[in-house]
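J.: Below is the structure I would like to discuss, written out as structure tokens.
Please treat every number below as a calculation from the coordinates, not as lab data. Keep in mind that this is a model prediction, so the values were computed, not measured. Cβ sites come from the backbone with ideal geometry, for glycine too, and all protein chains shown count toward neighbours.
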Amino acid sequence: MNAVNVMTVLKKFGYIIIVGALTFTGCQSSEEPLLDSCCPEIPRADRNTQAARNLNSQALALMEADELDQAELALKAAIDADPRFGPARNNLGMVYYRQERYYLAAKQFSCAAEAMPTRSQPKQNLAMTMAKITETTNPAPDNEKALTIEPEEMLSE
């Protein structure tokens, strides 16, 4: 009987699982329905886009100063002011990316792409993040031996 290489299985199915998980969760928090849009239809009168712009600008300055925790708070406040303000979602994704919180980054880039369908930057950021997720979830070649299951190690029941 041949050894089964778990790495081969991960390579074949790992990326599909990651993409599937992000597709179904969209930009929703764990308390919200999974298939709802992350850019809900909110009447313009109920959105404060100017406040979102101002908070986004503050966050950019904080990001330049490498104050990512404070930038995150400002960007979340911007999104609260206007959930459809794509630049804040894209920048929050960048904060998460820089913090190596790749799944959260991907979620925000997906939302930014939905909010700004004609802009390429959120889509490029999402692709870059998905590549990073794939890179970090696939073990290095040195670990391949550890992921090989010999036939005598398999349980019969």
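J.: Please list 44-54, 104-114, 69-79 highest first by mean number of surrounding beta-carbon atoms within 10 Å per residue. Please list the in-between numbers first.
T.: On the way: 44-54: 13.2, 104-114: 24.5, 69-79: 20.2.
Going by the mean number of other Cβ atoms within 10 Å, highest first, we get 104-114, 69-79, 44-54.
J.: What is the spin-label model distance, in nm, from GLU67 to THR134 if the labels are put 7 Å beyond Cα along the C-beta direction?
T.: Going from the GLU67 label point to the THR134 one covers 3.8 nm.
J.: What distance in nm separates the simple spin-label points at SER57 and ARG98, each placed 7 Å from Cα in the Cβ direction?
T.: With each label placed 7 Å out from Cα toward Cβ, I get 1.9 nm.
J.: Once fully extended, how much extra length lies between ILE42 and GLN124, figured as 0.36 nm per residue of separation less the alpha-carbon to alpha-carbon distance? Numbers along the way, then the final one.
T.: Working: separation 82, 0.36 × 82 = 29.52 nm, distance 2.66 nm.
The span from ILE42 to GLN124 would gain 26.9 nm if fully extended.
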